[in-house]
Amino acid sequence: MRCYFLCATEFEIIALLNCYVDVIVPLALPKLLTYAAPHDMQAAVKEGVRVAVQVGRRKIYAGIVMHIHSKTPPYATKELVSVLDSDPIANDLQRSLWSWVAQYYMCSMGEVMMAALPAALKMESETRVSLDSGWEDLDVDFSSAEADMLHALQAKPSLSIEELSAAAQKKNVLPLVQQLLSKQAVCIEERLSSAGRQVYETAVALHPAIKSEEDLNALFSLTKRAPQQEQLLLAYVSMALPISYSNPLKVVKKELLEKSQISAAVLKACVDKNIFALYRQEQSRPEPTGDSALAAVPELSAAQQQAYSSIRSHFAEKQVVLLHGVTSSGKTEIYIHLIEQAMAQGKQALYLVPEIALTAQLINRLRKVFGRVSVYHSKFSDAQRVEVYRHLLGNPSEPALVLGVRSSLFLPFSNLGLVIVDEEHENTYKQHDPAPRYHARDTAIMMAKLHGAKVLLGSATPSVESYHNALTGKYGLVELTERYGNVQLPEIQIVNVAYLRHKPSGKYFSPVMIKEIGEALEKGEQVILFQNRRGFSPYVECKECGWIPQCEHCSVSLTYHKHSRRLVCHYCGFAIGVPHRCLACEGASLETKGFGTEKVEEDLRLIFPNAAVERMDFDTTRTRSAYERIIADFESRKIQILVGTQMITKGLDFDNVTLVGILNADAMLSFPDFRAGERSFQLMAQVAGRAGRRDKQGRVLIQTAQPRHHILSCVQRNDYREMYFAQIDDRKELCYPPFVRLIEITLKHRSEQTLLRAAQALSQRLKAVFGSRVLGPVAPLVNRVQNRYLINFMLKIEREKSTGKAKELLKAQCDVIRQVDEFRQVEIIPDVDLM
């Protein structure tokens with residue numbers, strides 16, 4: 001034996017040793033699963049590659065290898081089924097970030113993996129596979145096993161991995177699926193394509209015979225006795241508003257079926273009835289701009305140059321710098337100069353924005369300067385996201401610029417030099433459901449630390465936490481106090497509308513607001529109106545008995561959407577038709593209460609019949625093309641009045657907007673949250689900043705019944721520092737961030753009584769460990785969502801205490817409750833750094 005070892009090659013010696021791999025599987029498991037690597041796979045196994053593993057008796061998953069070692073586990077291990085990649089698809093820096101996110105935000109590595117990878121890179125037993133539309137035209141050879149699988153897919157258009165295994169009579173078909181994917185013969189969930197091959201999708205539009213509103217009403221009459229067809233038609237109408245009968249909007253078939261929760265068979269029946277027509281269209285994809293006609297990097301003003309130099313000076317000593325620049329001060333031009341510097345050094349740059357809408361305007365500006373810019377967000381297809389992912393993975397040393405939302409943090413950067421977090425104060429950077437419940441700003445800072453990169457946080461209204469970190473020296477601070485080109489800040493007028501409370505519920509426009517809108521339109525100028533509530537009205541009420549329609553699954557009233565003629569729950573999507581009579585007293589007097597963006601849009605069309613009015617909210621921007629169309633039409637002045645929710649407040653730049661109206665400031669100011677003052681200031685200051693961004697001074701009208709409110713005074717004077725110091729004093733006194741860390745613990749269960757008992761048991765354990773640092777249990781404002789009751793706790797941890805130790809103690813107490821038989825089905829969800 002000794003002679004054998006002396007003669008053996010190094011590979012043979014390694015193969016004789018036990019080899020184990022710790023694998024991340026896409027499940028919420030408390031730890032990694034360990035598998036044995038068979039001798040014939042050991043050479044192919046690398047950290048970061050995908051491997052097919054068996055979990056339980058039947059399920060097969062594609063997991064990621066986290067560690068390779070020779071330590072024998074104290075239990076019998078299963079063997080790897082196969083190795084799916086020749087090279088890692090998650091690099092060392094990515095996996096380090098995943099590990100930090102899982103530890104810091106108290107979730108599992110599997111949950112982080114599910115958030116980090118595009119869907120096409122996550123395969124499991126339930127993953128569905130279908131034939132690619134052009135597979136028969138491929139000039140490639142298929143093995144007999146691959147041909148058998150293609151034959152099975154011809155018999156049935158879509159099969160799960162598990163069904164394919166049965167059809168092919170093979171225990172593991174993931175390697176075969178991977179081979180067919182690489183040959184572009186099949187696709188997973190959404191179509192996968194290579195960079196040069198166009199992908200097609202099916203779109204739905206009204207049948208060409210539908211030429212008027214009378215024709216559309218006839219369709220509703222036709223579908224009245226077929227409720228699913230009617231629901232499908234309503235879903236289409238809500239997605240295609242405003243309806244154009246000459247050129248009806250083509251809605252992606254998959255998105256329409258998902259929105260309506262209706263089967264493809266119902267759609268086919270509608271097509272047969274000439275309600276809809278189907279179209280095959282090219283799937284939109286990000287178009288890289290060639291380098292031949294690149295524009296010069298924009299010149300900086302004296303103030304911008306000074307800010308740019310200060311940022312670079314701070315970067316010499318600090319990893320993170322906060323750029324506090326007033327609206328329209330030209331922060332984007334400074335970002336472009338910093339990106340150019342990073343890419344000139346051969347580095348990669350990540351430009352984070354809080355809303356998909358912002359990418360539509362930014363992409364053109366960035367491509368004019370840098371050429372190829374990769375865009376990454378959920379409105380792109382999975383094929384397009386995989387394309388960006390694989391490009392970064394395959395070109396690790398190539399300078400690159402990625403523009404994206406929070407999910408782009410998980411891309412496979414390997415040479416990152418700069419991260420820009422624009423509008424860093426935005427709460428949309430925080431993921432709430434599902435896990436991982438991470439904050440993109442803080443995760444970006446950690447990712448940059450792993451890469452040795454720099455981070456620039458930018459905002460006209462920084463978060464209290466970031467500004468506190470800057471004032472205390474943790475971050476560098478650069479202030480930009482003047483608008484680009486010395487454009488004046490808008491004049492802000494507070495309009496007292498307390499008297500409107502005694503008017504009919506439809507009266508919410510003050511005379512001043514109507515007069516100012518009319519004058520702006522007469523001058524050919526544009527108007528933005530902000531109302532932070534979508535739908536037509538928050539609820540309807542019976543005038544006789546006070547009955548209000550409620551969601552069957554959540555403890556909220558249903559929002560009235562007039563265009564779709566539905567009452568909709570904004571928490572779970574439950575919807576019903578508008579009842580003709582009260583379901584409690586059978587009275588016929590149902591009236592709408594309050595107002596949302598849909599009602600504002602309708603009323604504006606009545607008041608200003610010749611004006612082009614458009615609405616920008618979640619309902620009108622469900623697709624990427626809808627975002628881009630609205631923004632492009634407003635930029636080209638086809639739209640005169642734009643009504644919207646929060647998404648119109650976030651960094652959009654329009655040069656002809658001279659009037660901004662905030663229709664209801666009181667809803668924000670009165671919200672029961674310790675951040676209400678800060679967020680109200682941020683929202684109002686940001687939306688006000690859309691006015692007068694070029695050569696004309698803008699005007700802002702804020703309607704409120706509390707004209708003397710301190711926050712409104714700060715907004716009117718654009719005094720961020722006064723708002724900040726007032727907020728920081730309150731938070732220090734009441735022990736809120738940035739002086740403590742907050743962890744919210746939410747318990748969920750279908751039985752309210754079981755939930756109450758679990759909450760009481762957990763309360764006793766937490767208070768025994770943490771004492772007065774624990775607040776609760778208390779039911780939230782909406783205490784039932786999707787048939788699950790909710791109860792919250794809040795844990796405050798002082799900054800000087802060990803947060804890691806506190807999390808360990810918290811997890812231990814939660815685990816004790818989970819092990820009680822009665823409470824095994826109670827979900828216990830920690831949310832670290834609650835926003």
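The values are calculated or read from the model by the stated rules, or taken from the named source; none is laboratory data. All values reported here derive from a predicted model rather than from experimental measurement. All Cβ positions, even for glycine, are placed from backbone atoms using ideal geometry, and neighbour counts span all protein chains on display. We work out accessible area using only protein heavy atoms, side chains counted, and drop any ligands, DNA or RNA first. Shrake-Rupley method; radii C 1.70, N 1.55, O 1.52, S 1.80 Å.
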Filtering the stretch 217-257 down to residues that are surrounded by 13 or more Cβ atoms within 10 Å (Cβ to Cβ), part of a loop (DSSP other than H, G, I, E, B) and of a type in the set (Ser, Thr, Tyr), which residue is modelled with the highest pLDDT? 223
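Just for helices (runs of 4 or more DSSP H) wholly inside the stretch 698-803: which have at least 1 residues that are in contact with a Cys (Cβ under 6 Å, 6 or more places away or on another chain)?
Where helices (runs of 4 or more DSSP H) fall fully within the stretch 698-803 and carry at least 1 residues being in contact with a Cys (Cβ under 6 Å, 6 or more places away or on another chain), they are 720-734.
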Selection from the stretch 484-543 of residues over 30 Å from residue 581 (Cβ atoms), among the hydroxyl-bearing types (Ser, Thr, Tyr) and open to solvent by 30 Å² or more (accessible area, probe 1.4 Å) yields 484, 499
Quickly run through the stretch 754-765 and pick out the residues that are in contact with a Leu (Cβ under 7 Å, 6 or more places away or on another chain) and either surrounded by fewer than 14 Cβ atoms within 10 Å (Cβ to Cβ) or without any contact (Cβ under 8 Å) to a residue 60 or more places away in the chain (or both). 759
Within the stretch 453-464, identify whether any single residue is open to solvent by 10 Å² or more (accessible area, probe 1.4 Å), out of contact with any strand residue (DSSP E or B) (no Cβ under 8 Å at 6 or more places or on another chain) and not in a strand (DSSP E or B), and answer yes or no. no
Kindly indicate the residue of the stretch 467-483 that is part of a helix (DSSP H, G or I) and within 30 Å of the chain's Cα centre (by Cα) and also surrounded by the most Cβ atoms within 10 Å (Cβ to Cβ) among those meeting that condition. 467
Where residues in the stretch 67-93 are touching a helix residue (DSSP H, G or I) at 6+ places or on another chain (Cβ under 7 Å) and under 23 Å from residue 388 (Cα atoms), which of them is surrounded by the fewest Cβ atoms within 10 Å (Cβ to Cβ)? 93
Answer yes or no: is there a residue in the stretch 608-630 that is in a helix (DSSP H, G or I) and farther than 22 Å from residue 236 by Cβ. no
Would you tally the residues in the stretch 39-60 being in contact (Cβ under 8 Å) with a residue 40 or more places away in the chain and open to solvent by 20 Å² or more (accessible area, probe 1.4 Å)? 6
Selection from the stretch 623-670 of residues that are touching an Asp or Glu at 6+ places or on another chain (Cβ under 8 Å), closer than 19 Å to residue 524 by Cβ and open to solvent by 20 Å² or more (accessible area, probe 1.4 Å): 633
Taking the stretch 802-835 on its own, how many of its residues are touching a strand residue (DSSP E or B) at 6+ places or on another chain (Cβ under 7 Å) and either touching a residue at least 24 places away in the same chain (Cβ under 8 Å) or among the β-branched types (Val, Ile, Thr) (or both)? 16
Unique match (being part of a loop (DSSP other than H, G, I, E, B), without any contact (Cβ under 8 Å) to a residue 12 or more places away in the chain and either open to solvent by 40 Å² or more (accessible area, probe 1.4 Å) or over 25 Å from residue 614 (Cβ atoms) (or both)) among 584, 588: 588
Only one of these conditions is not met by residue 564: (1) surrounded by fewer than 20 Cβ atoms within 10 Å (Cβ to Cβ); (2) touching a residue at least 60 places away in the same chain (Cβ under 8 Å). Which number is it? (1)
